[in-house]
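The values are calculated or read from the model by the stated rules, or taken from the named source; none is laboratory data. Just so it is clear, the model here is predicted, and its values are computed rather than measured. Note: ideal-geometry Cβ built from the backbone for every residue, glycine included; neighbour counts use all protein chains shown. Please note that ligands, DNA and RNA were not included when accessible areas were found on the heavy atoms of the full protein model with its side chains. Shrake-Rupley method; radii C 1.70, N 1.55, O 1.52, S 1.80 Å.
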Amino acid sequence: MLFVVITACDDGKKEAERMKMEAEKMEIEAKEQKDLEMKKMEEEKKAMEMKNSIAGKAMANEDLSTLVAALKAADLANMLSEPGDYTVFAPSNNAFEKLPKGTVDNLLKPENKETLQSVLQYHVVSGKITSDEMMAAIKGAKGKYTFKTVAGEELTAMMDGDQFVIKDSRGEKSQVVQGNVDASNGIVYIINDVLMAKK
């Protein structure tokens with residue numbers, strides 16, 4: 001009789017342990033599943049943010065393929081896909097084609113990465129400037145609104161009729177051909193000339 005009771009107790013313990021292990025296993029699996037789902041959601045969110053970011057919008061625009069190649073070569077694509085607020089004056093492919101022959105190829109070389117970075121950063125301004133704000137600033141500054149780029153150099157915005165014109169520090173002007181392209185981390189204006197700081 002005692003033997004039967006002990007065996008039953010042992011069986012009961014084994015069963016309890018087995019159930020405990022089952023429960024722990026299920027808990028671990030549920031946590032792993034939850035972690036996996038969270039990771040997937042995080043990746044989807046990142047992909048969505050990337051798609052809606054300045055870099056993402058540029059990548060989706062065929063007319064900005066040269067700029068995208070330049071951003072990648074300069075390691076700046078990440079900066080323009082991460083959260084933040086930027087205003088970017090994005091030169092179109094046509095703008096890059098206006099540069100002297102060989103300039104773009106030369107800038108894309110690894111040894112010219114720093115020069116390329118400073119050229120591209122000259123087209124980026126911290127903060128989001130909508131076209132309404134830019135127009136108000138131009139009017140408030142008696143027709144010429146000057147602001148600093150992330151490269152530390154200045155650009156000047158003005159109006160030519162109903163068109164925005166951006167003047168670089170050399171005095172060269174570029175026209176905004178498409179404005180107010182809204183992105184999750186800023187705003188893009190497509191321009192028809194590459195802006196250059198005075199050497």
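Quick notes
- Relative contact order of region 1-148: 18 percent, from C-alpha pairs under 8 Å at least 6 residues apart in sequence.
- Over 15 Å [Cα-Cα, region 12-58], rounded percent: 64
- Rg and Dmax of region 124-199, Cα atoms only, in Å: 11.7, 33
- Once the 1.4 Å probe is applied to the protein heavy atoms, the chain comes out at 64 Å² accessible per residue.
- Helix 131-140 axis versus longest C-alpha principal axis of the chain: approximately 40°, rounded to the nearest ten.
- On full extension, the segment bounded by N192 and A60 gains 45.7 nm, given 0.36 nm per residue less the C-alpha separation.
- Taking 20 Å as the cut-off, the amide N atoms of region 61-85 that come nearer than this to a point 7 Å along the Cα-to-beta-carbon line of A47 belong to 61, 78, 81-83.
- Compared with the direct C-alpha span, the chain from K173 to K72 gains 33.8 nm at full extension, assuming 0.36 nm per residue.
- Seen against the Cα atoms of the chain and their longest principal axis, helix 2-52 is set at about 10 degrees.
- The value of relative contact order for region 67-120, using C-alpha pairs under 8 Å at least six residues apart, is 50 percent.
- For the chain, share of DSSP beta bridges that run antiparallel, in % to the nearest 5: 75
- Solvent-accessible area of K31 with every protein chain in place, 1.4 Å probe, in Å² to the nearest 10: 120
- At 1.567 mPa s and 4 °C, Stokes D of the chain from Kirkwood alpha-carbon radius, µm² per second: 64
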